[in-house]
1. Any idea which of ALA16, ALA29, GLN64 is furthest toward the positive side of the dipole for the chain, if Lys and Arg beta-carbons carry +1 and Asp and Glu beta-carbons -1?
2. Express the relative contact order of the chain as a whole percentage, based on alpha carbon pairs under 8 Å and six or more residues apart in sequence.
3. Could you list log10 I(q)/I(0) for the chain at q = 0.12, 0.17, 0.20, 0.25 Å⁻¹, which the Debye formula gives when each Cα is one point scatterer?
4. Order of LEU35, LEU68, LEU20 from fewest to most other C-beta atoms within 10 Å?
5. Which residue, GLN23, GLN51, GLN64, tops the fluctuation ranking in a GNM of the chain built on C-alpha contacts under 10 Å?
6. By a straight-distance test (C-alpha under 22 Å), which lysines pair with LYS24 as possible cross-link partners, with residues fewer than eight away in the same chain excluded?
7. Taking the Cα centre of the chain as origin, sum charge times position over the Cβ atoms of Lys and Arg (+1) and Asp and Glu (-1), and report the length of that vector in debye to the nearest 20.
8. On a 0 to 90 degree scale, rounded to 10, what angle separates helix 68-82 from the longest Cα axis of the chain?
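Any read-out appearing in this document is the output of simple, stated calculations on the displayed coordinates, not a laboratory observation. In this text, all values refer to a predicted model and were calculated from it rather than measured experimentally. No Cβ is skipped: glycine too gets one built from the backbone with ideal geometry, and neighbour counts run over all protein chains shown.
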Amino acid sequence: MTREEIESKIKEILVADFELDGQKLVPEAKLFEDLDLDSIDAVDMVVRLQQLTGLKVKAEDFKQIRTLGDITDVVEKLIAEQGR
């Protein structure tokens, strides 16, 4: 899965599951401030990411997520680790 494919899938999830405006979904968008997600939404997003990758998102990775780009980075890292 390429970075663009990962980003596209994340955007699909955010639009479908969280009813966000696709126009606001840029890599630098802050999840809490710009997209109005709360901590429950963040946990739900991690569950969806785990379903997407088939891998567990580590707590230390989860704590680092602040922006849409951060989510893409974490998923990309998980997929790369899976390929090892």
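1. Value: GLN64.
2. On the way: 58 pairs, mean separation 31.4, N = 84.
37 percent.
3. For the chain at q = 0.12, 0.17, 0.20, 0.25 Å⁻¹, log10 I(q)/I(0) is -0.30, -0.61, -0.87, -1.43.
4. Working: LEU35 17, LEU68 23, LEU20 20.
Exposure proxy ranking, most exposed first: LEU35, LEU20, LEU68.
5. Among GLN23, GLN51, GLN64, the largest GNM mean-square fluctuation belongs to GLN23.
6. Counting by Cα, and skipping residues close in sequence, LYS24 has these lysines nearby: LYS9, LYS11.
7. Working: 12 positive and 20 negative charges, 88 e Å.
Roughly 420 debye, rounded to the nearest 20.
8. Taking Cα atoms only, the helix is inclined about 20 degrees.
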